[in-house]
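The values are calculated or read from the model by the stated rules, or taken from the named source; none is laboratory data. Note that the structure is predicted; figures quoted are calculated from it, not measured. Cβ atoms come from the backbone with ideal geometry, glycine included; neighbour counts cover every protein chain shown.
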Amino acid sequence: MVSVRGERPCRSPRFFLRDRRPGAAQGGPLQREQEDRIVDSWQQNATPWTRAVREGEIGSRVAVTNGAILSVLRALGPARLLDVGCGEGWLCHGLAREGTACVGVDMIPDLVEAARAAHPAGAAPATYLVHDYDAIAAGALHAAGSAPFDVIVSNFALIGDRPVARLLQALPALLAPGGRVVIQTLHPVMSSLDAPYQDGWREGSWSGFAADFRDPAPWYFRTISGWVALLGESGLTLERMIEPVHPETGRPASLILMAR
Ligand SMILES: C[S@@+](CC[C@H](N)C(=O)[O-])C[C@H]1O[C@@H](n2cnc3c(N)ncnc32)[C@H](O)[C@@H]1O
């Protein structure tokens with residue numbers, strides 16, 4: 001199974017297949033309950049998460065996935081970047097040090113405040129905003145005058161189902177001409193070794209994380225074809241897929257999707 005967004009394969013998953021009850025696609029009771037649990041979990045875990053990221057407690061990030069996403073973004077060389085689900089802000093901090101003007105958005109006020117407080121002195125300017133994906137889809141960034149962006153990135157942050165779909169549908173209108181969307185996510189095959197390879201909700205776990213993490217969030221698993229279909233339905237064209245390989249296991253540590 002997969003630690004919540006811990007990017008760490010472990011065992012014995014609990015999973016729920018797609019909610020097929022009437023109204024589920026529009027946000028039935030199971031959908032809403034799962035999405036609410038995602039919010040509750042990140043609220044509760046903002047402090048340990050900030051520490052885990054900043055102190056390098058997530059081995060696959062240190063070994064592979066941080067470098068992988070940075071190298072994709074550096075190659076694109078954006079002047080203006082939007083980081084959706086920015087968490088405590090490490091990606092904006094790193095890119096701002098290299099001159100990229102960043103907007104980081106997250107639904108958890110404590111994480112946004114942590115990102116703001118740690119923005120490096122002397123770096124390019126950044127704005128950190130509290131919005132959830134539905135607020136972005138409803139135009140919050142247009143209203144703030146933040147758009148358009150050369151690159152919109154989401155690093156292990158597209159966790160839910162319908163809010164993620166609504167967010168992706170809103171991204172083309174936030175992109176500058178020639179702009180790109182870059183998504184890093186758990187590798188669908190590697191995170192599905194003990195579960196059916198089928199889109200659907202799964203239980204999370206903080207297995208392997210420090211003892212102060214609690215109440216892991218469920219997450220909505222997508223197959224590779226599920227991701228490709230979702231991008232297409234959102235008016236985005238998949239350009240490239242990258243599978244960064246973990247140097248110790250020789251297996252993919254994540255999947256990076258680049259679309260325009
Ligand atoms: C695993 S963390 C990744 C954070 C950051 N991108 C990073 O690389 O460290 C997932 C983040 O997604 C955010 N997130 C999840 N669902 C969201 C939503 N619907 N709206 C806004 N933020 C969301 C969480 O609050 C959390 O900060």
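Counting only residues that are crowded, with 18+ Cβ neighbours inside 10 Å and either away from the ligand (no atom under 12 Å from the Cβ) or among the hydroxyl-bearing types (S, T, Y) (or both), segment 103-119 holds 2 of them.
Anything in segment 64-87 that is charged (D, E, K, R) and in contact (Cβ under 8 Å) with a residue 40 or more places away in the chain? List them, or say none. Of everything in segment 64-87, those that are charged (D, E, K, R) and in contact (Cβ under 8 Å) with a residue 40 or more places away in the chain turn out to be R80, D83. Restricted to segment 187-248, the set of strands (runs of 3 or more DSSP E) holding at least 1 residues that are without any contact (Cβ under 8 Å) to a residue 24 or more places away in the chain and surrounded by fewer than 17 Cβ atoms within 10 Å (Cβ to Cβ) comprises 238-242. On the basis of being closer than 26 Å to E243 by Cβ, in contact (Cβ under 8 Å) with a residue 12 or more places away in the chain and away from the ligand (no atom under 14 Å from the Cβ), does L95 make the cut? Considered against the rule, which asks whether it is closer than 26 Å to E243 by Cβ, in contact (Cβ under 8 Å) with a residue 12 or more places away in the chain and away from the ligand (no atom under 14 Å from the Cβ), L95 comes out as no.
Please work out if D199 is within 14 Å of the ligand (Cβ to nearest atom), at pLDDT 95 or above and of a type in the set (D, E, K, R). It is false that D199 is within 14 Å of the ligand (Cβ to nearest atom), at pLDDT 95 or above and of a type in the set (D, E, K, R).
Every condition in (1) surrounded by 24 or more Cβ atoms within 10 Å (Cβ to Cβ); (2) in contact with a Leu (Cβ under 8 Å, 6 or more places away or on another chain); (3) of a type outside the set (A, V, I, L, M) is met by G94 except one, and the failing one is (1). Could you count how many residues in segment 48-73 are in contact with a Leu (Cβ under 8 Å, 6 or more places away or on another chain) and either within 18 Å of L255 (Cβ to Cβ) or among the basic types (K, R) (or both)? Qualifying residue count, segment 48-73: 3. For segment 175-202, a residue qualifies if it is closer than 17 Å to R260 by Cα and under 17 Å from the mean Cα position of the chain (by Cα), and the qualifying residues are R180, V181, V182, I183, Q184.
Of the helices (runs of 4 or more DSSP H) that lie entirely inside segment 1-87, those containing 1 or more residues that are modelled with pLDDT under 50 and surrounded by 14 or more Cβ atoms within 10 Å (Cβ to Cβ) span 24-27. Go through segment 156-180 and give me each residue that's within 14 Å of the ligand (Cβ to nearest atom) and farther than 23 Å from E33 by Cα. A170, L171, listed by residue number.
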